[in-house]
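Read through the structure below, which is laid out as structure tokens, and then see the notes.
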Amino acid sequence: MITVIISEADGWREWKHRARTKDAQTAIIRAMNKHFPRSYSFIPDDIDNAPVLFAAVTSSIALTESAVSTFEDELGWNRKKATLVLAVIMVFLGSLSCLGYGPLANVTIIGMQFLDFFDFLTNSVMMPIAAFATCLLISRVIGVKKIEEEVLLEGGTFKRKKIFNFMIKYLCPIFAVIILFSSVANAFGWISM
């Protein structure tokens, strides 16, 4: 049995909550849900979602690390400066996304709230451009011969070489461009998907 005591910041109010659990984290979450229902009701009583939270946090750290590394390499910044600048950018853009359906609901870009616009920009514009650029880089700059050498390194086999070459040279770039143009045309209302 765990007793959780929650005090307000000014110290004049105190709640006691007895939880029938041996897990302190679950007891704290239950106490918060009971005494602060409006602000903490989104926290589940159990921690079954802990792996999802762990995955989200570690993915965020990994994505942030690549951006910090790019700032360090391309701009010659030290790690602390790159991290602080990136944190400011992330908080600013994240705040716009959070406030887009609240106080900033009347502010739209191409008829979209901030969150929807950022989603459109990253998923429907940047991803097809990155896919197209990757196809060009592999097929034209690096060359499919270099890819074949990598695959065959250490005795590997490249059974679908002809299919890979056709897809990376012709099929994937065409579809990436189609996805890009159809997404942009749909956003501007030229077509309806």
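Scoring PHE117 on the criteria (1) loosely packed, with under 15 Cβ neighbours inside 10 Å; (2) in contact with a strand residue (DSSP E or B) (Cβ under 9 Å, 6 or more places away or on another chain) leaves a single failure, condition (1). Region 54-152 holds helices (runs of 4 or more DSSP H) entirely within its bounds, and those carrying 1 or more residues that are touching a Lys or Arg at 6+ places or on another chain (Cβ under 9 Å) map to 127-136, 144-152. Which one is nearest to PHE120 (Cα to Cα) among residues in region 168-193 that are open to solvent by 100 Å² or more (accessible area, probe 1.4 Å) and among the hydroxyl-bearing types (Ser, Thr, Tyr)? Restricting to residues being open to solvent by 100 Å² or more (accessible area, probe 1.4 Å) and among the hydroxyl-bearing types (Ser, Thr, Tyr), the top hit is SER192. The condition of being among the polar types (S, T, N, Q), without any contact (Cβ under 8 Å) to a residue 60 or more places away in the chain and open to solvent by 90 Å² or more (accessible area, probe 1.4 Å) does not hold for ASN165.
Quick one: in region 57-114, of everything that is open to solvent by 80 Å² or more (accessible area, probe 1.4 Å) and among the aromatic types (Phe, Trp, Tyr), which residue is nearest to ASN186 (Cα to Cα)? Ranking the qualifying residues of region 57-114, first place goes to TYR101. Does GLU154 satisfy the criteria of being of a type outside the set (S, T, N, Q), farther than 30 Å from PHE71 by Cβ and open to solvent by 50 Å² or more (accessible area, probe 1.4 Å)? Taking the combined requirement at face value, the residue satisfies it.
The values are calculated or read from the model by the stated rules, or taken from the named source; none is laboratory data. These numbers come from a predicted model, not from an experiment. Because the Cβ atoms are built from the backbone with ideal geometry, glycine has one as well, and the counts that use them run over all protein chains shown. Accessible surface is based on the protein model in full, side chains and every heavy atom, while ligands, DNA and RNA are left aside. Shrake-Rupley method; radii C 1.70, N 1.55, O 1.52, S 1.80 Å.
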